[in-house]
Amino acid sequence: MNVVDNKWIGQRTIRPDGVDKVTGRAAFAADTTMPGMIWGKVLRSPHPHARIRSINTAKAEALPGVKAVVTSRDVVDFTIEKGAVMLGIQDMRWMCRNVMARDKALFPGHPVAAVAATTEAIAAEACRLIEVDYEVLPWAIEIDDALKDGAPILHEWHKVDGKPSNIMARIESKKGDIAQGFKDAEIVIERSFTTRPVHQGYIEPHACLISVAADGKTTIWSSSQGQFMVRAMTSMLTGIPQSDIRAIPAEIGGGFGGKTIVYLEPLATLLARKSGRPVKMVMTREEVMRATGPTSGSKSTVRIGAKKDGTIVAAHGAFYLQAGAFPGSPIRGAVGCSFAPYDIPHVLSEGFDVCCNRSKVAAYRAPGAPIGAYAVECVLDELAERLKMDPLELRLKNAARQGTKAAHGPVFPRIGYIETLEVAKNHPHYSAPLGKLQGRGVASGFWFNAGGESSAQVNITEDGNVVVTTGHPDIGGSRAGIANICAELLGIDYNRVSVIIGDTQTVGFSNLTGGSRVLFASSMVVTQAADKVIATLRERAAKVWEIDPEAVKWENGAAHPVSPNAGEFKPLTLADLAEKAPSQGGPIGASVQLNTQGAEGGFGTHICDVEVDVELGIVRVIRYTAVQDVGRAVHPSYVEGQLQGGVAQGIGWALNEEYIYNKDGKVDNPGFLDYRMPVCSDLPMIDCALVEVPNPKHPQGVKGVGEVPLVPVMAAVANAVHNALGHRFYSLPMSPPKVSAELDAPVQQAAE
Amino acid sequence: MAKLHVSTIVNGEPMEFLCEPYETMLDALRGQLGLTGSKEGCSSGDCGACSITVDGRLVCSCLMLAVEAEGHEIRTIEGMAKGGRLHPLQQKFLEHAALQCGICTSGMLVASEALLARNSNPTEEEVRFWLAGNLCRCTGYDKIVRAVMETAAEMRQVILEARP
């Protein structure tokens with residue numbers, strides 16, 4: 001386990017898909033065409049909340065060039081009364097209503113019909129000809145509006161204490177007795193925070209091309225975080241059996257959780273089936289912003305009690321998250337992760353799932369955890385200040401370690417949280433001098449990580465090279481990681497290993513790319529498959545040498561006798577054995593399918609420096625260091641890339657990104673100009689310090705690394721702003737208008 | 001309405017196509033010309049994934065009408081590698097892992113090449129402001145900026161060494 005003198009694991013190799021991506025050859029979702037292809041378009045509700053009395057598609061269907069029109073009548077209904085039908089974390093009752101509104105439209109942008117026509121322009125014109133009779137209803141978008149007495153109710157059938165409610169669920173994690181804990185406390189701090197909905201912000205809009213043959217055989221080209229999820233959801237929503245749907249994963253242009261559900265594929269399949277023509281659908285950026293993702297806006301209250309020496313004795317968090325139109329906000333992440341870095345005897349962490357007239361949330365990098373961590377890590381900063389303690393010392397004093405029982409259940413095995421704190425404390429960044437109007441903040445974060453189903457095939461080619469097929473879309477360099485591991489295990493040059501992503505009909509079931517699970521799970525199955533291949537290779541060599549397979553070892557890409565006692569034989573290379581394969585029992589290869597277990601959580605600690613332009617209210621991040629326990633950095637560049645990308649997203653969330661709604665309840669900034677994600681000139685270099693505490697339950701020590709980097713960021717930035725100004729912000733984003741308003745406020749008071 | 005005929009040069013080769021008057025250069029490239037390396041991320045000139053050069057000038061092809069290509073010289077990502085040999089920027093992006101999902105990469109490379117054509121010795125700040133029109137959501141830009149600056153340094157070195 002975790003051999004450190006590896007030849008390939010830990011190397012910064014060139015990614016297998018790299019050349020295609022720097023030359024424009026890589027085929028993303030919108031890059032494919034087919035003969036006879038027509039275009040699909042979605043008609044979307046203009047209203048945040050409306051009952052659909054009727055839909056008349058006659059005029060649209062009569063328009064020359066229109067080949068098919070579908071409405072909710074064409075989508076398989078999962079009725080509310082029959083109860084939940086789960087696919088992963090998604091309830092198909094909500095999915096069927098999210099892809100196409102049934103009785104009610106629940107957000108502006110909610111699909112109500114779809115059209116396929118010979119050109120995009122005709123499809124758009126046909127959408128305009130569809131007559132929808134809406135009964136416009138009062139709506140609620142903000143959490144307070146959805147919770148107040150007499151609030152418009154999205155799902156009337158759902159009741160809390162006998163009354164219709166928009167609170168769709170409450171969950172909690174509990175440890176000890178917080179009443180006792182707060183009694184023991186000598187200092188208690190309670191604060192409330194809000195965050196705005198933010199979008200995952202992938203640059204590639206959702207797109208698909210789907211062909212349905214006369215016998216029902218269906219081919220889907222689309223980009224997603226899981227071709228098997230696409231197949232299953234499309235099957236369930238159209239009634240076509242999974243065995244008839246081949247979902248081919250295109251290269252995916254970013255997902256960050258937002259492509260773990262379907263929007264277009266079921267509609268395009270229905271249109272293709274009805275029209276008999278391949279149908280292509282591509283969302284506009286505006287559609288992406290209005291109708292997909294984002295993550296929840298939130299309202300949190302966190303109360304922490306400590307002794308004067310800094311020992312935290314009690315913590316209570318209440319996290320209200322916007323689910324959007326259908327239940328399913330990431331309360332589990334907020335509830336479970338927020339206090340996980342700390343060993344606290346008395347904890348109550350509660351989450352409330354609040355429906356509102358906004359697009360249904362989709363997962364976004366460590367779903368829910370950054371929201372919770374923002375509140376908790378800001379309160380800890382305040383606690384450290386009150387106690388006159390260094391904020392990293394406060395965290396060290398209370399840090400979770402091996403044996404700590406987390407409030408969300410598990411007892412931690414060997415974890416690397418303390419190491420991240422120590423590395424941060426000793427990092428030159430932490431002691432570097434600060435200038436005027438500059439400030440420094442720190443924060444930590446935790447994410448569960450995940451295992452689950454994964455399948456892979458390792459095949460030896462006739463010329464003695466290797467093809468690895470896995471079932472997970474590669475979103476951040478996982479093919480490079482797999483190639484490193486496979487080259488290491490087989491003892492051959494990295495360039496002799498080709499890693500591809502199979503489609504649903506050519507590789508075994510593999511669960512979503514998400515949760516920080518892909519390298520963990522797929523390297524586990526690839527390792528087992530490679531072990532089987534090596535066993536075969538040893539048997540084949542043993543046959544040639546007429547010795548026992550136990551007397552053969554595999555080393556440096558060749559079979560050798562284990563010792564001179566076994567006999568003197570010239571090593572047989574992979575190429576030698578591949579050449580002999582036909583006469584020795586046939587092709588060499590193995591496939592492994594597992595429900596992988598043993599994913600361990602990850603911890604990170606970040607240091608952020610900001611400079612505030614008090615004239616313009618602009619906060620600039622001027623230095624950033626992300627420290628993370630990454631288990632084993634199989635490909636350090638792509639591990640760093642995960643950290644750097646997560647930090648950039650968190651800086652956007654902290655400083656600029658937010659959904660802004662107009663008086664009609666519509667998103668007023670559905671484009672990249674007004675929804676302001678960080679651009680190159682907004683950011684400094686982002687330093688990474690990789691701590692490697694190997695996961696004892698994984699053959700290479702791998703832990704998921706993709707989610708953790710977003711968790712601490714907003715708190716680290718907020719704490720830095722507080723350090724710079726002596727003023728704390730309790731709501732995000734800390735955008736120029738808000739910062740200016742807050743900075744001006746005391747001046748106004750003084751003038752009064 | 002009849003389609004319009006356009007004669008242009010794409011990546012050094014004369015090309016002709018027919019287009020609607022409202023079609024963008026990006027539509028023409030990705031559609032009729034089959035050059036899907038340029039990507040559409042926003043269609044409003046905000047993301048830069050469709051960056052091309054027109055007579056050497058960097059533009060978002062989603063903001064240019066296809067008919068405007070008439071008589072001009074277009075360069076796209078597909079023209080960057082020469083005869084199967086990667087441009088130094090492409091090579092450096094690979095070595096520095098300056099891409100993750102790759103959807104912004106074509107535009108980043110085209111924009112970076114346009115920068116180095118104007119400024120062979122850019123500062124970090126100059127690189128960051130030049131690339132401010134090219135959104136990347138995966139990398140945090142760190143490795144992209146490093147790749148561009150290191151390519152610039154190597155290209156300067158090559159020129160120095162080529163001098164008699």
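The values are calculated or read from the model by the stated rules, or taken from the named source; none is laboratory data. Computed from a prediction, not measured in an experiment: that's the story for all the values here. All Cβ positions, even for glycine, are placed from backbone atoms using ideal geometry, and neighbour counts span all protein chains on display.
Laid out as a table, the results:
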item	result
Among the candidates A:Gly24, A:Gly36, A:Gly18, A:Gly65, residue that is within 14 Å of another protein chain (Cβ to nearest Cβ) and at positive phi	A:Gly24
Exclusive hit being in contact with a strand residue (DSSP E or B) (Cβ under 9 Å, 6 or more places away or on another chain), surrounded by fewer than 24 Cβ atoms within 10 Å (Cβ to Cβ) and either under 30 Å from A:Asp664 (Cα atoms) or touching a residue at least 12 places away in the same chain (Cβ under 8 Å) (or both), set A:Leu321, A:Leu387, A:Leu380	A:Leu387
Qualifying residue in segment B:57-78 (condition: at the interface with chain A (Cβ under 8 Å from one of its Cβ atoms) and under 20 Å from B:Trp130 (Cα atoms))	yes
Residue check, A:Gly333 in contact with a Cys (Cβ under 7 Å, 6 or more places away or on another chain) and surrounded by 22 or more Cβ atoms within 10 Å (Cβ to Cβ)	no
Scan of segment A:205-253 for residues that are under 25 Å from A:Gly515 (Cβ atoms) and in a loop (DSSP other than H, G, I, E, B), ordered by number	A:Pro205, A:His206, A:Ser223, A:Ser224, A:Gln225, A:Gly226, A:Ala250, A:Ile252, A:Gly253
Residue satisfying all of: in segment A:554-569; exposed (fewer than 15 other Cβ atoms within 10 Å of the Cβ) and under 44 Å from the mean Cα position of the chain (by Cα); farthest from A:Ala487 (Cα to Cα) among these	A:Glu555
Segment A:153-193, residues that are buried (at least 18 other Cβ atoms within 10 Å of the Cβ) and in contact with a Phe, Trp or Tyr (Cβ under 7 Å, 6 or more places away or on another chain)	A:Phe193
Members of segment A:472-526 that are within 14 Å of chain B (Cβ to nearest Cβ) and of a type in the set (Val, Ile, Thr)	A:Ile475, A:Ile501, A:Thr513, A:Val518
Qualifying residues in segment B:87-111 (those that are within 12 Å of A:Lys21 (Cβ to Cβ) and assigned to a loop (DSSP other than H, G, I, E, B)) - the one nearest to the chain's Cα centre (by Cα)	B:Cys104
Residue within segment A:268-276 that is surrounded by fewer than 24 Cβ atoms within 10 Å (Cβ to Cβ) and assigned to a loop (DSSP other than H, G, I, E, B) present	yes
Test result for A:Val262, modelled with pLDDT of 95 or more, touching a Phe, Trp or Tyr at 6+ places or on another chain (Cβ under 8 Å) and of a type outside the set (D, E, K, R)	no
Unique residue being outside any helix (DSSP H, G or I), under 22 Å from A:Met86 (Cα atoms) and of a type in the set (A, V, I, L, M, F, W, C) when the list is A:Ala334, A:Ala340, A:Ala366	A:Ala366
Qualifying residue in segment B:2-21 (condition: polar (S, T, N, Q) and closer than 29 Å to A:Arg676 by Cα)	no
Unique match (being at pLDDT 95 or above, crowded, with 22+ Cβ neighbours inside 10 Å, in the same structural domain as A:Ala443 (by TED's automatic domain parsing) and not in a strand (DSSP E or B)) among A:Val612, A:Val627, A:Val634, A:Val619	A:Val634
Filtered residue count, segment B:123-137, keeping only those that are in a loop (DSSP other than H, G, I, E, B) and surrounded by fewer than 20 Cβ atoms within 10 Å (Cβ to Cβ)	1
Single condition A:Lys436 does not satisfy, out of (1) of a type in the set (D, E, K, R); (2) crowded, with 20+ Cβ neighbours inside 10 Å; (3) in a loop (DSSP other than H, G, I, E, B)	(2)
Matching option when the condition is in contact with a helix residue (DSSP H, G or I) (Cβ under 8 Å, 6 or more places away or on another chain) and of a type in the set (Val, Ile, Thr), among A:Val288, A:Val282	A:Val282
